[in-house]
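Novice: Have a look at this one.
The values are calculated or read from the model by the stated rules, or taken from the named source; none is laboratory data. Quantities reported herein were computed from a predicted structural model and do not represent experimental measurements. Positions of Cβ are backbone-derived with ideal geometry, glycine not excepted, and every protein chain shown enters the neighbour counts. These area figures cover heavy atoms from the full protein model, side chains too; ligands, DNA and RNA do not enter into them. Shrake-Rupley method; radii C 1.70, N 1.55, O 1.52, S 1.80 Å.
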Amino acid sequence: MTTTRSVSNPVLRVPPASPAAAVAHFSASLAFHADVSDVAAALAADGDPGFVVLDSRSTQAWDQGRIPGAVHLPTALVHERAERLLDRSVPVVTYCWGPGCNGATRAALALAELGFRVKEMLGGFEYWVREGFPYETRQGSGRRDPDPLTAPVGAEDCGC
């Protein structure tokens, strides 16, 4: 016999999805998103990673720092310039400032509307730098010590 209980906590007030619905949702999420450490690992490996990284921020933000090898294409200019800068057969991974910015999401949408295959890099440039990966500026390259809250000391990744 199954008993239905009233749940008063905010986490379970709306019950979790069924396992089948959860599989569909999380599988879809992985098709749309890439993790900063996964992007870094793919770029650091020998050979072609099979995708291009696109920085969707302004020129001023680009000058402050960017992922080495990234293509600069501000979100507002995607429809105008994407065809000239990108190869439609190569998947694109977009990024902007960080989790509080939706520029990469808007750039990914614009690219998808143009027929590009695209993923968004979660965490953006903020988490790229916080995890201690190298970056470039107009003055040269840089790298900061990893933030222990985002990249635990002694861990190559989050254990995911």
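Novice: Select, from 42, 31, the only residue that is assigned to a helix (DSSP H, G or I), open to solvent by less than 60 Å² (accessible area, probe 1.4 Å) and in contact (Cβ under 8 Å) with a residue 40 or more places away in the chain.
Specialist: Values: 42 fails: in contact (Cβ under 8 Å) with a residue 40 or more places away in the chain.
None of the others qualify; the one that does is 31.
Novice: While we're here: Tell me whether segment 2-17 contains one or more residues that are free of Cβ contacts under 8 Å to residues at least 12 places away in the same chain and surrounded by 14 or more Cβ atoms within 10 Å (Cβ to Cβ). Explain how you work it out, then say what you get.
Specialist: Our first condition is that a residue be free of Cβ contacts under 8 Å to residues at least 12 places away in the same chain; within segment 2-17, this holds for 2-17.
Filter again for surrounded by 14 or more Cβ atoms within 10 Å (Cβ to Cβ), leaving none.
No: zero hits.
Novice: Now a separate question. Tell me, yes or no, whether segment 66-84 has at least one residue that is open to solvent by 50 Å² or more (accessible area, probe 1.4 Å), of a type in the set (A, V, I, L, M) and without any contact (Cβ under 8 Å) to a residue 12 or more places away in the chain.
Specialist: yes
Novice: Restricting the search to segment 69-104, which residues are under 14 Å from residue 128 (Cα atoms) and over 15 Å from the mean Cα position of the chain (by Cα)?
Specialist: Across segment 69-104, the qualifying residue is only 69.
Novice: Could you give me the residue pairs with C-beta distances under 8 Å whose first residue belongs to segment 89-105 and is touching a residue at least 24 places away in the same chain (Cβ under 8 Å) and over 15 Å from residue 119 (Cβ atoms), whose second residue is aromatic (Phe, Trp, Tyr) and open to solvent by less than 80 Å² (accessible area, probe 1.4 Å) wherever it lies, and which are 6+ apart or on separate chains?
Specialist: Pairs found: 97/125; 98/125; 98/127; 99/127.
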